[in-house]
Amino acid sequence: MKTAVVTGGSGFIGSHLCQVLLEEGSKVIAVDSLVTGSRANISGLLGNENFSFIEHDITVPLEIDSGVDRVYNLASPASPIDFPRIPLEILAVNSLGTKNMLELALEKKARLLEASTSEVYGQPLEHPQREAYFGNVNTIGERSCYDEGKRFAEALVSAYARAKKSDVRVARIFNTYGPRMRKNDGRVVPNFIMQALQNKPITVYGNGKQTRSFCFVSDLVSGLMKLMESNYTKPVNLGNPSETTVLELAEKVKEIAGSSSRIAFKELPEDDPTRRKPDISVALRELNWKPKVKLDSGLEKTIEWFKAGN
Ligand code: UDP
């Protein structure tokens, strides 16, 4: 039986990952500072004898008594509303936190998967984004704590792989959505769903022509696990290449939720990327992975979850 440490284990993606790892026969140790994660996300797992939870901020070194085979390093706030709120914490968790998890993985002879992001591409001048694209990031803007934090994390795991022979994998995660996103998360899917369910104005930033490509969380989790168990050590884009404008998303959410909300256009945040879509040919070739869940069906599931008042 393998033991996996999942940092950010009570967060949105982390809690789903813990659940699937348990279902597939691993022992799971979830680690979370609860800055953006919540106990509610893992309440269904706490009774499982193969699951344990440690409340811990990974910017402080972590000691674990048992053996560890896999470290999924997912701990980091990831919503744009968190960037101006806790920028120093975001930089710290991605730098010091990642270093501490690399050290833990070395000590345990474990493999580490770093959860990076499509934000490393910044305001992309290449479309769709391939892993070979170096990106176009504003190093001093409001988003830079996250973008540069993740770029530093990628540099750090790469340096550990070279200098210390660390066994690492790097996932560049594109927009992901699904149950367990925070109601007040600030990202577009939970915002639109909450607004639609309350028949409040749906807040489209800018003219709504900017695009994103939304991946349902179950698809993302399967991609993370396949990457972890593959022999491919370079960064891999994980996301759904089906691209939609933010305005189309607003209309879709409104329709599926049966809402009478109107659309309200608001100011576009600083450095908001105008287009984003992953090229997933590496994931397809190396992991035999591609997303299965269509946007409509993923939104239905997510809306149901929010409706149930979770
Ligand atoms: N957005 C929006 N209304 C909202 C929240 C977000 O129009 O209430 C837009 C945002 O400007 C961006 C896109 O939706 O263009 C995705 O934003 P999100 O915060 O979900 O993630 P990002 O991809 O920007 O990190």
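The values are calculated or read from the model by the stated rules, or taken from the named source; none is laboratory data. Predicted model only: the values in this text are computed from it and were never measured. Don't worry about glycine lacking a Cβ; one is built from the backbone with ideal geometry, like all the others, and counts go over all protein chains shown.
Do we have any residue at all in the range 6-24 that's among the hydroxyl-bearing types (Ser, Thr, Tyr), out of contact with any Lys or Arg (no Cβ under 9 Å at 6 or more places or on another chain), modelled with pLDDT of 95 or more and not in a strand (DSSP E or B)? Even if it seems obvious, please write down each step before you answer.
Within the range 6-24, the subset among the hydroxyl-bearing types (Ser, Thr, Tyr) is 7, 10, 15.
Of the ones still in play, those that are also out of contact with any Lys or Arg (no Cβ under 9 Å at 6 or more places or on another chain) are 7.
Those left that are additionally modelled with pLDDT of 95 or more: 7.
Adding the requirement that they be not in a strand (DSSP E or B) leaves none.
The answer is no, given that none of the residues of the range 6-24 is among the hydroxyl-bearing types (Ser, Thr, Tyr), out of contact with any Lys or Arg (no Cβ under 9 Å at 6 or more places or on another chain), modelled with pLDDT of 95 or more and not in a strand (DSSP E or B).
No other residue among TYR133, TYR160, TYR205, TYR121 is surrounded by 18 or more Cβ atoms within 10 Å (Cβ to Cβ) and farther than 22 Å from ASN231 by Cβ apart from TYR121.
Going by the structure shown, is ARG143 within 13 Å of the ligand (Cβ to nearest atom) and modelled with pLDDT of 95 or more? It would help to see each step written out before you state the result.
Details: within 13 Å of the ligand (Cβ to nearest atom): yes; modelled with pLDDT of 95 or more: yes.
Yes; evaluated as a whole, the condition is true for this residue.
Looking across the range 220-259, the residues that are touching a Gly at 6+ places or on another chain (Cβ under 9 Å) and small (Gly, Ala, Ser) come down to GLY223, GLY239, ALA250. Evaluated against (1) within 16 Å of the ligand (Cβ to nearest atom); (2) out of contact with any helix residue (DSSP H, G or I) (no Cβ under 7 Å at 6 or more places or on another chain), ILE263 falls short on exactly one condition, (2). Name the single residue that is nearest to the ligand (Cβ to nearest atom) among those in the range 69-110 being under 17 Å from the mean Cα position of the chain (by Cα), crowded, with 23+ Cβ neighbours inside 10 Å and assigned to a helix (DSSP H, G or I). Of everything passing the filter in the range 69-110, PHE83 is nearest to the ligand (Cβ to nearest atom).
Scan the range 176-189 for residues that are in contact with a helix residue (DSSP H, G or I) (Cβ under 7 Å, 6 or more places away or on another chain) and either outside any loop (DSSP other than H, G, I, E, B) or within 11 Å of the ligand (Cβ to nearest atom) (or both) and the total you get is 5.
Residues in the range 208-245 that are in a loop (DSSP other than H, G, I, E, B), buried (at least 22 other Cβ atoms within 10 Å of the Cβ) and aromatic (Phe, Trp, Tyr): PHE214 only. When the criteria are applied in full, LEU268 meets the requirement of being out of contact with any Lys or Arg (no Cβ under 6 Å at 6 or more places or on another chain), among the aliphatic types (A, V, I, L, M) and within 16 Å of the ligand (Cβ to nearest atom).
A count restricted to the range 253-310 and to residues that are farther than 30 Å from PRO235 by Cβ, charged (D, E, K, R) and part of a loop (DSSP other than H, G, I, E, B) stands at 2. Inspection of the range 123-133 identifies no residue that is free of Cβ contacts under 8 Å to residues at least 12 places away in the same chain, in a loop (DSSP other than H, G, I, E, B) and hydroxyl-bearing (Ser, Thr, Tyr).
I want to confirm something. Restricting to the range 53-68 and keeping residues that are outside any loop (DSSP other than H, G, I, E, B) and surrounded by fewer than 17 Cβ atoms within 10 Å (Cβ to Cβ), which single residue is nearest to the ligand (Cβ to nearest atom)? Checked the range 53-68; the qualifying residue nearest to the ligand (Cβ to nearest atom) is GLU55.
Restricting to the range 254-270, count the residues that are in contact (Cβ under 8 Å) with a residue 12 or more places away in the chain and surrounded by fewer than 18 Cβ atoms within 10 Å (Cβ to Cβ). It would help to see each step written out before you state the result.
Step one: filter the range 254-270 for residues in contact (Cβ under 8 Å) with a residue 12 or more places away in the chain, giving 254, 256-257, 259-270.
Checking which are surrounded by fewer than 18 Cβ atoms within 10 Å (Cβ to Cβ) leaves us with 260, 262-270.
So the count comes out to 10.
Give the range 230-242 a look and list any residue that's in contact (Cβ under 8 Å) with a residue 40 or more places away in the chain and either more than 21 Å from the chain's Cα centre (by Cα) or closer than 11 Å to PHE214 by Cβ (or both), or say none. Within the range 230-242, GLY239, ASN240, PRO241, SER242 qualify.
When the criteria are applied in full, ARG275 fails the requirement of being of a type outside the set (Asp, Glu) and without any contact (Cβ under 8 Å) to a residue 60 or more places away in the chain. Residues that are buried (at least 21 other Cβ atoms within 10 Å of the Cβ) and in contact with a Leu (Cβ under 8 Å, 6 or more places away or on another chain) were ranked within the range 145-157; the one that is nearest to ALA283 (Cα to Cα) is VAL157.
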